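Have a look at the structure below before the remarks.
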């Protein structure tokens, strides 16, 4: 703020002239120029032509446009300075002209942005109605008008605006005002997906190949606006996440703003045709305690979500499934459960491009007599995910625990050994009918798109043996695509698994 | 007998091929990313044509009245991708004077220097001219043995706009990501050239 100090100093020096006037008003256009001063720069630094121009001003009528042009010429000849014109009315009706010159690098705000030498003509809010901002903040915004743009103050206001509207990112833009030397300041709001109180359900779209399990496909097509949307989903022989291989369609209606950003609702209706691998059917035949396989699965899942903070969400709903028997059609069973879920999701943006994200969740699904469920069960699943990124380096750690008691349907049973868990193992070898206990962890490092990982976990039945399995692998790894080779580390024989695919 | 059309095609084809090859050679990206070095007052200065970073989204941002920081890295190498002989890093702050329609640049650091009223090209050149390596730091390299020079610039992503490393991609966000490619290309670039000798 040295320029400001310089300005104040000049004003102090000019005090005697100012004191001599009854009112501190600027001279009128056409007033005779009594003298011309150049402050902050030696006249010798200027070209002879410009020096002559300054000298000839004395005795001439005051012409502000001409004086502004001369200031611009001073800046043109001396590119590391800014020049402003100050007019002082003299008691005899004449005018004194002072060219105030300061070096850009002496002024922090000019170093930051050359436009801060201009006077703020107006401050506008775009992207949301003005009324959505508190009165006190609006007053502070309007207080910027008529002064040079104070970067610190504007940044503070930007921070306060973002604090008042946490679902938005605020950008500060400036543009030319209606007359020379004036600028308009615009605070532009745009909704930030990552900081919405309630995010939409993540897309499940993927096309994945697993050398032991073949192709799996899922395609979600979301349609709608920022608060409400409909997703049409299609599954193509998807065997990558459950014991069953399923194809079919689903439709989900979501709203993440029901009167308030903190309340959302969702309903999904899905109908899938199921096929089963031989190992799964053998395993089911060998263990009659596991509920039977089904030919089709019709599921309806309504839920409501409340977000007490932008990082925590609590969801409650029900999952109603009708499972048509594979062996005795058209007999069917109902697997109806109350679903409760808590999610925590927070990101931190640090210096040197460091980004961290922690996601944690706990889900409880429990069947209820009131829902007329034929299968009685309770299912717990807790998971934790941490991600650290710095420029091209990324570390991802995952941890999950789960347990089921009672007779859970097959789609609720846990599996490991696919394209995302215990990579290198085949789930149809580990637990072809899934398990009612699970522990899974993984650690992954990526440099750009090249990555290596170490997976560890176990899936087992409560009354069976728990075997801890390890695997490792490497390959091309990105958020939207992968091509990896993975190896079980504690298997009897070395079996390389190749996986590739896209997720989007 | 050869049909007239066929004979005409066989006569024209070598010329067409030569023309196409020439056009491809003229328009290929060999273009413009060339480096020249010179020693001025015990400092090694570099000039790079075609480094142009004031374009696309960076230019849009500047013309919106916002400022842009650019980090430069000047590296002297023993050989292509070889050991680092000397290195200089310097950051600059750019802004665009909305009323003068010219660029202003400030060298950030303990001894800031600023300049204004520059065209985009002149602003880029001024930045690069203010990233220098002391000739003394090169030792014998340059006089007895040739050296290579790499110039890198990077425009740091603002935290607020950092892409969410999210697994929640939809078709819409995928399109967004794909269309952002050109923008990313603008945010960092590296040019390497050589061999140079100080006498050059």
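The numbers here are math on the coordinates, done by the rules we state, and not lab data. Keep in mind that this is a model prediction, so the values were computed, not measured. For neighbour counting, all protein chains shown are included, and Cβ atoms are generated from backbone atoms with ideal geometry for every residue, glycine included.
Can you give the Kirkwood hydrodynamic radius for chain A, in Å, rounded to one decimal and based on Cα pairs?
Values: mean 1/r = 0.0350 Å⁻¹.
By the Kirkwood definition, the hydrodynamic radius is 28.6 Å.
Remark: the residue A:259-residue A:498 segment gains 81.2 nm on full extension, using 0.36 nm per residue and subtracting the alpha carbon distance. If you sort the three axes of the alpha carbon gyration tensor as a ≥ b ≥ c, you get a/c of 1.5 or more for segment A:430-498 and a/b above b/c, which makes it prolate.
Its residue count N sets the reference 2.2 N^0.38 Å, and the alpha-carbon radius of gyration of segment A:378-441 equals 1.32 times that reference.
Which of A:401, B:103 comes first, and how do the rest follow, when ranked by fewest Cβ neighbours within 10 Å? Intermediate results must be reported in sequence, preceding the final value.
Numbers: A:401 17, B:103 25.
Final ranking by Cβ density, sparse to dense: A:401, B:103.
Taking each residue as 0.36 nm, the span from residue A:226 to residue A:447 lengthens on full extension beyond its C-alpha to C-alpha distance by 76.2 nm. From the P(r) of segment A:90-134, can you give the percent of Cα pairs sitting at distances over 11 Å? For segment A:90-134, the share of Cα pairs beyond 11 Å comes to 79 percent. Helical content of chain A, expressed as a calculated mean residue ellipticity at 222 nm, amounts to -4500 deg cm²/dmol (DSSP H runs of 4 or more residues, -39,500 (n - 2.57) each, divided by residue number, nearest 500). Per-residue mean of foreign Cβ neighbours for B:95-104 is 6 (Cβ atoms of other chains, 10 Å radius).
Just how many % of Cα pairs in segment A:136-180 lie over 17 Å apart, if you round to the nearest whole percent?
Values: 355 of 990 pairs.
In whole percent, the share of Cα-Cα pairs in segment A:136-180 beyond 17 Å is 36.
Give the angle, between 0 and 90 degrees and rounded to the nearest 10, that separates the Cα long axis of helix A:151-164 from the longest principal axis of the Cα atoms of chain A. Roughly 30 degrees between the two axes. According to the square roots a ≥ b ≥ c of the eigenvalues of the Cα gyration tensor, what is the shape class of segment A:39-128, taking rounded for a/c under 1.5, prolate for a/b larger than b/c otherwise, and oblate for the remainder? In terms of gyration-tensor shape, oblate. In segment A:270-324, the alpha-carbon atoms span a convex hull of 134 Å³ per residue. With viscosity set to 0.890 mPa s and temperature to 25 °C, compute the Stokes-Einstein D of segment A:351-491, Rh being the Kirkwood radius across alpha carbon pairs; µm²/s, no decimals. D = 149 µm²/s. Among the residues of A:100-107, the average count of other protein chain beta-carbon atoms within 10 Å of the residue beta-carbon is 3. I'd like the distance between the alpha-carbon centres of segment A:161-239 and segment A:54-118, rounded to an integer number of Å. Their Cα centres are 48 Å away from one another.
Protection proxy ranking, highest mean first, for peptides A:379-391, A:55-67, A:404-416: A:404-416, A:379-391, A:55-67, where packing is the per-residue count of other beta-carbon atoms within 10 Å, averaged.
Here the gap between residue A:55 and residue A:131, fully extended at 0.36 nm per residue and compared with their Cα-Cα distance, gives a gain of 22.0 nm. A crude spin-label estimate for the pair residue B:55 and residue A:163, with each label 7 Å from Cα along the Cβ direction, gives 4.3 nm. Each 5 Å bin from zero holds the following percent of Cα-Cα pairs in segment A:183-265: 3, 13, 18, 16, 13, 12, 11, 7, 3, 2, 2, 1, 0.
Working note: Cα gyration tensor of segment A:160-305, eigenvalues times five, square-rooted, sorted largest first, giving semi-axes of 48, 17, 12 Å.
Rounded to the nearest angstrom and ordered from largest down, what semi-axes does the equivalent ellipsoid of segment B:84-137 get from its C-alpha gyration tensor (root of 5λ)?
The three semi-axes for segment B:84-137 are 26, 11, 8 Å.
Angle of helix A:64-77 to the longest C-alpha principal axis of chain A, folded into 0 to 90 degrees and rounded to 10: 70°.
Starting from the Kirkwood radius over alpha-carbon pairs of segment A:75-199, derive D by Stokes-Einstein at 10 °C in a medium of 1.306 mPa s and give it in µm² s⁻¹. My calculation gives 95 µm²/s for D.
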